[in-house]
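Novice: Okay, handing you the structure first.
Please treat every number below as a calculation from the coordinates, not as lab data. What you are looking at is a predicted structure, and each value in this text was computed from that prediction instead of being measured. Every residue, glycine as well, gets a Cβ built from its backbone with ideal geometry; the counts of neighbours run over all protein chains shown.
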Amino acid sequence: MELFSPWHILLIVGIALLLFGPSKFAALGKGLGEGIRNFKSAMKDHENDPQKKA
């Protein structure tokens, strides 16, 4: 049996919706998405940095 099967994930998401409500849950998802985009952008900038230290 898998640790995180699709049913487990759906149950966790359902409980989170009940606890935080749809508006807070949407804001949390938006913040998480922006954080991931900023992280990817920073990693790309670091790779293209001409003064990269060896």
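Novice: Only residues in region 25-49 that are free of Cβ contacts under 8 Å to residues at least 60 places away in the same chain count as the first member; pair them with residues that are in a helix (DSSP H, G or I), Cβ under 8 angstrom, at least 6 apart or cross-chain, and list the lot.
Specialist: Hits for this filter: Phe25/Ala16; Phe25/Leu17; Leu28/Phe20.
Novice: Name the pairs whose Cβ atoms lie under 9 Å apart, with the first residue in region 1-17 and β-branched (Val, Ile, Thr), the second surrounded by 10 or more Cβ atoms within 10 Å (Cβ to Cβ), and 6 or more positions between them or separate chains?
Specialist: Val13/Phe25
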